[in-house]
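I have placed the structure first, in the form of structure tokens, so that the comments after it can refer back to it.
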Amino acid sequence: MRAALLAAAVGAAAVGCAEPTEPAQCFGVVDVGCDGGLPGAYVDDASGAWVSSTWEGPHFSYPKFTTIRLCHGLGRPPTSMELYAAFSETGNLAQQIGSAATFIPACGAERGVNERSVLVRNGGGQDFFARFVLRP
């Protein structure tokens, strides 16, 4: 019985890994900072991380059920990404996980995490103002 449950769990995980990106995530992608930079964004001298804004903000609008293409200044794909969200442009931030910070591996032939940008979706039902940290 235990072996059958383990086999079913492994099979379910394998199927989930093989599924393509949900097509709806790739429609209506909003470019953020791709037209020459994001006001307030900077590369932290100590860590080399690209940061979309200071802790105080202003943070950019991150609407619910929206995929953004966040252009960064790293010049290479980030190795890790963090999202902090607030309910106002200069509000208190909290780190987000789950559907509010879903990084998309690809949209068609476009890699979702590359040397110029990352594709990230706010799949939750809440509008936020966001601060991203992308680490080299």
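The values are calculated or read from the model by the stated rules, or taken from the named source; none is laboratory data. Computed from a predicted model, the values in this text were never measured in an experiment. Cβ coordinates were reconstructed from backbone atoms using ideal geometry, including for glycine residues, and neighbour counts include every protein chain displayed.
A few comments on the model shown:
- Candidate set: the stretch 33-53, residues that are crowded, with 19+ Cβ neighbours inside 10 Å and out of contact with any Ser or Thr (no Cβ under 8 Å at 6 or more places or on another chain); chosen: the one nearest to GLU89 (Cα to Cα): SER53
- If the condition is being within 27 Å of ASP45 (Cα to Cα), assigned to a loop (DSSP other than H, G, I, E, B) and among the β-branched types (Val, Ile, Thr), then the stretch 79-136 contributes THR79, THR90, ILE97.
- Test for ALA46: is it on the phi < 0 side of the Ramachandran plot, without any contact (Cβ under 8 Å) to a residue 24 or more places away in the chain and hydrophobic (A, V, I, L, M, F, W, C): yes
- Cβ-Cβ under 6 Å pairs, at least 6 apart or on other chains, the stretch 110-136 side at negative phi and surrounded by fewer than 23 Cβ atoms within 10 Å (Cβ to Cβ), far side part of a loop (DSSP other than H, G, I, E, B) and small (Gly, Ala, Ser): GLU115/GLY75; VAL133/ALA49; ARG135/ALA49; PRO136/GLY48
- The stretch 83-101, subset at pLDDT 90 or above and surrounded by 16 or more Cβ atoms within 10 Å (Cβ to Cβ), residue farthest from ASP35 (Cα to Cα): LEU93
- Search result, residues across the stretch 1-60 that are modelled with pLDDT of 75 or more, in a loop (DSSP other than H, G, I, E, B) and under 19 Å from PRO105 (Cα atoms): PHE27, GLY28, VAL29, CYS34
- Considering residues of the stretch 54-81 that are within 21 Å of ASN92 (Cα to Cα) and under 15 Å from the mean Cα position of the chain (by Cα) only, the residue surrounded by the fewest Cβ atoms within 10 Å (Cβ to Cβ): PRO63
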